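The values are calculated or read from the model by the stated rules, or taken from the named source; none is laboratory data. Note that this is a predicted model, so its numbers are computed, not measured. When we count neighbours, we look across all protein chains shown, and the Cβ atoms used for this are built from the backbone with ideal geometry, even at glycine. These area figures cover heavy atoms from the full protein model, side chains too; ligands, DNA and RNA do not enter into them. Shrake-Rupley method; radii C 1.70, N 1.55, O 1.52, S 1.80 Å.
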Amino acid sequence: MKLQQLRYIWEVAHHDLNVSATAQSLYTSQPGISKQIRLLEDELGVEVFARSGKHLTRVTPAGERIIATAGEILRKVESIKQIAQEFSNEKKGTLSIATTHTQARYALPPVISSFIKQYPDVALHMHQGTPLQIAEMAADGTVDFAIATEALELFGDLVMMPCYRWNRCVVVPVGHPLTKLPKLTLEALAEYPLVTYVFGFTGRSKLDEAFSHRGLSPKVVFTAADADVIKTYVRLGLGVGILAKMAVDAVLDPDLVVLDASDLFESSVTKIGFRRGTFLRGFMCDFIEKFAPHLTREVQTKAMQCHNKAEMDELFANVQLPTF
């Protein structure tokens, strides 16, 4: 059994069983990958993939467990490399982050700018996706860190640390009737078509829960994953926008009126997560602390020692998170 063979079955499984695409991503030949997979299956005495002719059709039950174990082995190998790199050149390496548009556009720029100045030889890679995709990328080792508000709690093998709380706001064009109300209410909002985040994005669940709790059925006419897209369609008159307060800038959005909605919706918490057992290099620890100053190296170490959500909640029970 070779490490290369484990890499091949892992990559094929994560390229939708497309051996050709896998070969391109690994800069090798399709026949070479197929041969090595066959050799591994012959050695193990079981099929990892079911086939129809020359095509792989599905992962076998035995293959699912083998691939899962192969992933763990590959991640351990990566940790060994990280440890070696930390001692050979502590300020050089790569850092991969998966996050949503709102975080990438509004929360992370100053953090990344500061990080790059301190670590010019660290290559940063940012992946954007849905919260579920982001959590999956962290869980399977595709990225080092996941930064999101939703879905991270679905993966028990992630260490998740709270970074900050954030509130929502309502945005409308100048002169909109809602700007003339003495106080904004959910009932008033429910009378207008709404433009907001796709379900599962950026705390959308808290919005739905608030309306549902009051027995209201808001008319959501347009959803998007991108706060800038939401603002664009508010400007077009499609509806009233509800989005993260951090995503509105008085200088960049002078044509929009911002109405505070922090009393209408429960605040959400953005978290940073990484796979349990990951070796955090020095610059990775520094990135976390730049993003959330209360997450010092000491706190990070304690978080990694937590065995479950209850212990993690207890660790941060008395921490006053910053609010945006």
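Against the chain, whose longest principal axis is taken from its Cα atoms, helix 204-213 shows a tilt of about 50°.
Of the residues ASP16, ASP253, ASP144, ASP260, the one with the largest accessible area comes first in the ranking ASP16, ASP260, ASP144, ASP253, computed with a 1.4 Å probe on protein heavy atoms. For the range 38-80, trypsin sites (Lys or Arg not before Pro) are listed when DSSP marks them as loop and at most 11 other Cβ atoms sit within 10 Å of their Cβ; the list is LYS54.
Residues whose amide H falls under 5 Å from that of TYR197, counting only those 5 or more places apart or on a different chain, are ALA224, with hydrogens built in the peptide plane.
Expressed as a whole percent, the accessible area of the range 256-309 that falls on carbon and sulfur atoms is 51 (1.4 Å probe).
Of ALA23, THR99, SER113, which is farthest towards the positive pole of the range 1-142's charge dipole, taken about the Cα centre with +1 and -1 on the beta-carbons of Lys, Arg and Asp, Glu respectively? Of the candidates, SER113 comes out farthest on the positive side. The phi torsions of the range 47-57, fed into the Karplus equation with coefficients 6.51, -1.76 and 1.60 and a -60° offset, translate into couplings of 8, 7, 10, 7, 10, 10, x, 8, 9, 7, 10 Hz, rounded to whole numbers, with Gly and Pro shown as x.
Its relative contact order, with pairs defined as Cα atoms under 8 Å and 6+ residues apart, puts the range 204-324 at 20 percent. One quarter of the surface of the convex hull around the alpha-carbon atoms of the range 197-324 equals 10.3 nm², the direction-averaged projected area. Against the chain, whose longest principal axis comes from its Cα atoms, helix 109-118 is set at around 50 degrees.
In this Cβ point-charge picture (+1 for Lys and Arg, -1 for Asp and Glu), the range 273-324 has a dipole of about 240 debye about its Cα centre. Where does helix 282-291 land angle-wise versus the long Cα axis of the chain, in degrees 0 to 90, nearest 10? Helix 282-291 sits roughly 20 degrees off the main axis of the chain.
Using only side-chain charges placed at the Cβ, +1 for Lys and Arg and -1 for Asp and Glu, the dipole size of the range 183-320 relative to its Cα centre rounds to 440 debye.
Structure note, pairs LYS76/LYS231; LYS231/LYS290; LYS219/LYS290: Cα-Cα distances above 32 angstrom occur for LYS76/LYS231; LYS219/LYS290. 3J(HN,Hα) along the range 245-252, derived from phi through the Karplus expression 6.51 cos²θ - 1.76 cosθ + 1.60 where θ = phi - 60°, amounts to 4, 5, 8, 10, 10, 4, 7, 7 Hz, with x in place of Gly and Pro.
The range 6-51 and the range 274-324 have Cα centres separated by 37 Å. Positive end of the dipole of the chain (Cβ unit charges, origin at the Cα centre): among LEU6, THR278, ILE67, the Cα lying farthest that way belongs to LEU6. Each Cα pair under 8 Å and six or more residues apart adds its sequence gap; the mean of these over the residue count of the chain is a relative contact order of 20 percent. Taking the protein heavy atoms of the range 1-131 in the context of the full set of protein chains, the accessible area attributed to carbon and sulfur is 53 percent at 1.4 Å. Solvent-accessible area per residue in the chain equals 51 Å², computed with a 1.4 angstrom probe and all protein chains kept. Near SER29: Cβ cut-off under 15 Å, other residues only, Lys/Arg at +1 and Asp/Glu at -1. The net charge is +3. Could you tell me the convex hull volume per residue, in Å³, taken over the Cα atoms of the chain? Hull volume normalised by residue count: 177 Å³.
From most to least packed by mean Cβ count within 10 Å, the peptides 107-116, 225-234 give 225-234, 107-116. Across the protein chains, with a 1.4 Å probe defining accessible surface, the residues MET161, MET126 rank MET126, MET161 from largest area downward.
To the nearest 20 Debye, how big is the dipole of the chain about its Cα centre, given +1 on the beta carbon of each Lys and Arg and -1 on that of each Asp and Glu? Could the numbers behind the result be given before it?
Working: 34 positive and 36 negative charges, 85 e Å.
Result for the chain is approximately 400 debye, rounded to the nearest 20.
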